[in-house]
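The values are calculated or read from the model by the stated rules, or taken from the named source; none is laboratory data. What you see is a predicted model; the values in this text were computed from it and never measured. Reconstructed Cβ throughout: ideal geometry from the backbone, glycine too, with neighbour counts over all protein chains shown. Quick note on the areas: whole protein, heavy atoms, side chains included, nothing else; ligands and nucleic acids left out. Shrake-Rupley method; radii C 1.70, N 1.55, O 1.52, S 1.80 Å.
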Amino acid sequence: MEFKVINYQDTRSGFGAGLAELGRRNPKVVALCADLTGSLKMEVFEKENPDRFFQVGISEAHMIGMAAGMTIGGYIPFTGTFANFSTGRVYDQIRQSVAYSGKNVKICASHAGLTLGEDGATHQILEDIGMMKMLPGMTVIVPCDYNQTKAATMAIADFEGPVYLRFGRPKVANFTPEDQPFIIGKAVLLKEGADVTIFATGHMVWKAVEAIQQLHEKGVNAELINIHTIKPLDEEAVLASAGKTKCVVTAEEHQQNGGLGDSIAQLLSRRMPLPIEMVAVQDVFGQSGTPEQLLAEYGLEHIDIAEAALRAISRK
Amino acid sequence: MNDINQLNRISTQVRRDIVRMVHACQSGHPGGSLGCADFLVALYFSQLNHKAPHFDMNGHDEDLFFLSNGHISPVLYSVLARRGYFPVEELKTFRKIHSRLQGHPATMEHLPGIRIASGSLGQGLSVAIGAARAKKLNGDKHLVYVLMGDGEQQEGQVWEAALHAGAKGIDNLIAVIDYNGQQIDGPVEKVMSLGDLKAKYEAFGWSVITVDGNDMASLLEILELAKSYAFKGAPQLLLMKTEMGQGVDFMMGTHKWHGSAPNDEQLAVALAQLEETLGDY
C-alpha cells in the first residue's frame, strides 16, 4: 500500500487554486462571494479578474438568484460561501432558480461538516449532501484533498449543468497525484482488496486509508474506493467491487440520513443486497471542538472505519 | 408599434385569453393577470427591443424580461403567444398535463420566451440583476426588465436584491411593481403594510417613477421616460398602479379573483365585456 503524502493542505485552498487557474483559462467563468472571500480562498481570482468577481455581501439568497441570472448571457458562475449558507439557507433559491431552471451554476461550499470545528453546530452542516442530491439534475461532488479539489473545480467548469462542490476547512493529507484527471461520476479505486470494500468521500478518504493500513495489520485485505461524485453515483464501480468483496463500509462526514451511505445502500438493496455498515453522524447536531476531537466524538475516526469493516465481514 | 388603439385592442384579446385559459383548467390566477395585461402588451408590442419570434436563452443583443410573480403566468403566456413566440393554439394546454405552459413559468419544457422558473416569490429581482450584470460584462447595451408583485415585496430576498442594485448602480435594469394593493389574504395594507414603498426604494438608491398601469398612453410615455434614464448610474423602479381584475367588472376591486377561476356563467359575463379583437384560439 503506497499512499504518499505530498503535503498537508486544506481542500478550500485547492478550490481557490482551481478557481484562479480557471480565471486565467476560461473568460466565461465568473465568481460571486458572500463576504467570505478569504475563507473560500478566492482572493487570487478576485485580484486577477476584478471585473469577473462579484462581492454580494451577506446576502446568500440573492447571490444564488444573481448567479442564475448571469448564466443568461453565457457566463459560468461559481458561488462561494460556507456549506451551511450554500445549501440550507438558500434551498428554495437553488431549487427554483438553479436546479428546476437548469442553470449552469456551480455552488461551491467550504467549511462543510464537523471539521469546521470550533464554530460549532450552527455552522457545521451535516445535511447538505442529502439536500443537494435530492434535487433533480444536481451533480454533487465531494473531493478528498487539495489536488483533487483543484482538479474538480476545473472539471466542473467544462461540465454543463448545476453542480454542488463541497470542501472543507482544515489542513489534511494531500495525496492525490497532481496530474490525476478528475472525471465527474467516475469513482477512484485507491487500493484493491478482497475481504471488504470501503467507500469513502471527502475528508474521510484519508481516514479510510489509515483504516485499511490498520486492517492490514490484522490480516484483513480491504478494498478502498474514493467516491468523489455522490451523484451521479458510479453504480458500475460500486456493484463491481461489492460483488467481489461481498460486504461494504461507507464513510462520510455527514449525517447517515441522506449521505453517501444512504445512496450506496439504496443501490445495493435494489441490485445486490449485502452486509453494509455506515460510518457517519447519527442524527445529532455537532458542537464546538477541534476537528480531530469532533471526528472522534462522533465516531468518524479511522478506528471507527476499521471496526465497521470487521463488523461487515462478520455479517457475510 | 405605438398606436394606442391597436395596443388596447391587443390587451382586450389578451384579457379574453386569460379568462378562457383559467376557465378551461378551472385554476390559475386571473386577477393579477388582467391587471398587468396593458403593461405586458406595452412592453412586448411596443417597448421591448427583442427578436420575437426568434428566441434563444442567452438573449444577447436584446432586451430581456423576467416575471418574478410567476402566478400571473396566463398574461405572460398570452402575450408571448400573441407576439409569435409559440402558437396561440397552445394556450389551450395551460396547466394541463404534458403542457409547456406550466401553472407557473418554467424552462424544463423549453417554452420560448421563458428564461427562468418563477413562482416561489422574491427571486426574480436577483435573477434580473444577474442578467443585467452579465449584459454589462458582455458590453451589451440592452435593458433588463423585471415585474414583481406588491405582496411579493414582503419577501426578504427582494430587499437583498434592492440593496445590491442600488449599491452597485445597476442602471441597465428597470424593475416594475404591480401595485394593485391586493394579495391572497386580502388588502396588502391589512396583511402587511409596505409603508412608503417609493421612499424605501429611493433610500436604497433607486430612481422611482409612478405610473398608471391600466392606461396605455401613460404606460408608453413612462416606459420611454425610463429608457431615457437608463445608463445614468441608478436602477429604476416603476411603481405601477393597477386594478386587479381590470377589464372584467365583477373581478375588480377585490382580492377574491387572485387565484380562482370563473365558472361557465361567469366566463360568459366576462367575455361579453371583452371584444374578440384578434380572434380566439
Please tell me which of these pairs span more than 28 angstrom C-alpha to C-alpha: B:K96/B:K241; A:K41/B:K198; A:K41/A:K231? B:K96/B:K241; A:K41/B:K198
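Taking only DSSP H segments of four or more residues, each worth -39500 (n - 2.57), what value at 222 nm results for chain A once the sum is divided by all its residues, to the nearest 500 deg cm²/dmol?
So the helix-based figure for chain A works out to -10500 deg cm²/dmol.
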Accessible area in square angstrom per residue, region A:9-169, 1.4 angstrom probe: 27 Å²
By per-residue mean of other Cβ atoms within 10 Å, what is the highest-first order of B:95-108, B:121-134, A:23-36? B:121-134, A:23-36, B:95-108
Computed over chain A, the relative contact order (Cα-Cα under 8 Å, seq sep at least six) in percent reads 18 percent
Give me the aspartates and glutamates in straight-line cross-link reach of B:K92: C-alpha distance below 18 Å, same-chain residues under 8 apart excluded. B:D17, B:E109, B:D264, B:E276, B:D280
Across peptide B:56-66, how many C-beta atoms of other chains are within 10 Å of each residue C-beta, on average? 2
Figure the gain on full extension for B:D3 and B:L163 (residue separation times 0.36 nm, minus the Cα-Cα span) and round it to one decimal in nm. 53.9 nm
With every protein chain present, what is the per residue accessible area of chain B (1.4 Å probe, Å²)? 36 Å²
Cα-centred dipole magnitude for region A:9-169, charges only on beta-carbon of K, R (+1) and D, E (-1), debye, nearest 20: 340 debye
Give me the accessible area of A:F3, 1.4 Å probe, in Å² rounded to the nearest 10. 40 Å²
The percentage of the accessible area of region A:188-314 (probe 1.4 Å, all protein chains present) made up of carbon and sulfur atoms, to the nearest whole number, is 51 percent
Förster-model FRET efficiency, 56 Å R0, A:E178 and B:K232, C-beta, rounded to 0.05: 0.65
In whole percent, the fraction of accessible protein surface over region B:4-273 that belongs to carbon or sulfur atoms, probe radius 1.4 Å, stands at 51 percent
Rounded percent of accessible protein surface that carbon and sulfur make up, region A:109-163, 1.4 Å probe: 58 percent
Once amide H atoms are placed 1.01 Å from N in the peptide plane, what residues at a sequence separation of 5 or more from A:E277, or on another chain, have their amide H within under 5 Å of its amide H? A:V248, A:V249, A:T250
Output the 0 to 90 degree angle, nearest 10, between the alpha-carbon long axis of helix B:124-138 and the longest principal axis computed from the alpha carbons of chain B. 50 degrees
For the pair A:I6 and A:L189, the simple spin-label estimate (label points 7 Å beyond Cα toward Cβ) gives in nm 2.3 nm
With label points set 7 Å from each Cα along the Cα-to-Cβ direction at A:E160 and A:F285, the distance between them in nm comes to 4.3 nm
I'd like the mean, over residues of B:163-169, of how many other protein chain beta carbons sit within 10 Å of each residue's own Cβ. 3
Would you mind calculating the relative contact order of region B:44-139 from Cα pairs under 8 angstrom and at least 6 residues apart, reporting the percent as a whole number? 29 percent
Complex-versus-alone comparison for region B:115-130, residues with a loss of 30 Å² or more in accessible area, probe 1.4 Å: B:I116, B:A117, B:S120, B:Q123, B:S126, B:V127, B:G130
Mind grabbing the interface size between B and A? I mean buried accessible area, both sides, 1.4 Å probe, in Å² to the nearest hundred. 2300 Å²
Give me the inter-chain shielding for A:91-104: mean count of other chain Cβ atoms within 10 Å, whole number please. 5
Name the residues of region A:126-161 whose amide N is less than 19 Å from a point 7 angstrom out from the Cα of A:K171 along the C-beta direction? A:144-150
